[in-house]
Amino acid sequence: MESEPDIEQEAYEWLRGHLSGFLRFDGERIPLKIAPLPDGRFVAPVMVAMQIAADTVLELPDDGDGDLHLMVSLEKFDERTETGGSADRWRIYHGDPPDVNWAFITIDASKYHGYFIDGEVFLRPNTLDNGGAPICRTLNQTQIAEVRAAIYTQFRADSEAPVVVGVDQGGFDVRRQFDLIRLTAPKGVVITDQASAVATLATLAKNA
């Protein structure tokens, strides 16, 4: 079926809430973690065989009927060049990489709940200054209590030392000790600057 705006938004939010899954290529299926880039693409450390495969499908988080299946293109890059900051962004999200080969990931198309969705739906640049990095620093310095409260509200679980690793128009990416979670902004709320980020976080936390 052709996609509709509501299912496209749901698929995008699913993607942002599931940055860990499996990459299927040439008969192989390997665990893979991705991180978002400010230009709307994603980045990951990959095996050389993944880079040269004809077809690559990213399953988030798995291959079930309710999961997101992404047909993706991989573009290798050298982290020793000016693009190396993209590799550092992945490390901020996930820690030490299992591979030393890096690739930009572009989504060509997807399948979600029986719908086929064009890849452009997922290409959403982060319009916040420097991809939200200055806001992350402020939140981690001054708003950790609110971050923990927001996590409890959404997941009913406490987090001892959460770190905000990403902020964009639609929410916050938070790294915990053993995983990465997504705090999604309330429907209709758009984060445009530091003040709106703090206000959104407070809204998410107030029911804790």
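The values are calculated or read from the model by the stated rules, or taken from the named source; none is laboratory data. Everything numeric in this text was worked out from a predicted model, so none of it was measured. Ideal geometry is used to build each Cβ from the backbone, glycine not excepted, and the neighbour counts take in all protein chains shown.
Scan segment 62-82 for residues that are loosely packed, with under 15 Cβ neighbours inside 10 Å, in contact (Cβ under 8 Å) with a residue 24 or more places away in the chain and closer than 22 Å to Y93 by Cβ and the total you get is 5. When restricted to residues that are aliphatic (A, V, I, L, M), under 12 Å from the mean Cα position of the chain (by Cα) and farther than 16 Å from I144 by Cβ, segment 179-201 contains 1. Close Cβ contacts (under 6 Å, 6 or more residues apart or on different chains) running from residues in segment 118-142 that are on the phi < 0 side of the Ramachandran plot to residues that are in a loop (DSSP other than H, G, I, E, B) comprise L123/G40; R124/G40; P125/D39; P125/G40; N126/P38.
Checked against the criterion of being under 21 Å from D96 (Cα atoms) and outside the structural domain of L32 (by TED's automatic domain parsing), the candidates V189, V147, V174, V198 yield just one match: V174. Screening V46 against (1) in the same structural domain as Q169 (by TED's automatic domain parsing); (2) in contact (Cβ under 8 Å) with a residue 12 or more places away in the chain; (3) among the aliphatic types (A, V, I, L, M) leaves a single unmet condition, (1). Any idea which of T56, T83 is among the polar types (S, T, N, Q) and under 23 Å from G166 (Cα atoms)? It is T83. I105 falls short on exactly one of the conditions (1) assigned by TED's automatic domain parsing to the domain that holds V189; (2) surrounded by 14 or more Cβ atoms within 10 Å (Cβ to Cβ); (3) not charged (D, E, K, R), and that condition is (1).
Quick grid of which residues meet (1) part of a loop (DSSP other than H, G, I, E, B); (2) surrounded by fewer than 21 Cβ atoms within 10 Å (Cβ to Cβ); (3) without any contact (Cβ under 8 Å) to a residue 40 or more places away in the chain; (4) over 18 Å from the mean Cα position of the chain (by Cα):
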{"residue": "Y152", "(1), (2), (3), (4)": "no, yes, no, yes"}
{"residue": "A161", "(1), (2), (3), (4)": "yes, yes, yes, yes"}
{"residue": "G166", "(1), (2), (3), (4)": "no, no, no, no"}
{"residue": "Q177", "(1), (2), (3), (4)": "yes, yes, yes, no"}
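Considering only residues in segment 179-208 that are closer than 16 Å to W14 by Cα and of a type in the set (K, R), the one that is surrounded by the fewest Cβ atoms within 10 Å (Cβ to Cβ) turns out to be K187. Scanning segment 49-61 for residues that are out of contact with any His (no Cβ under 9 Å at 6 or more places or on another chain) and either closer than 20 Å to H94 by Cβ or small (G, A, S) (or both) yields a count of 6.
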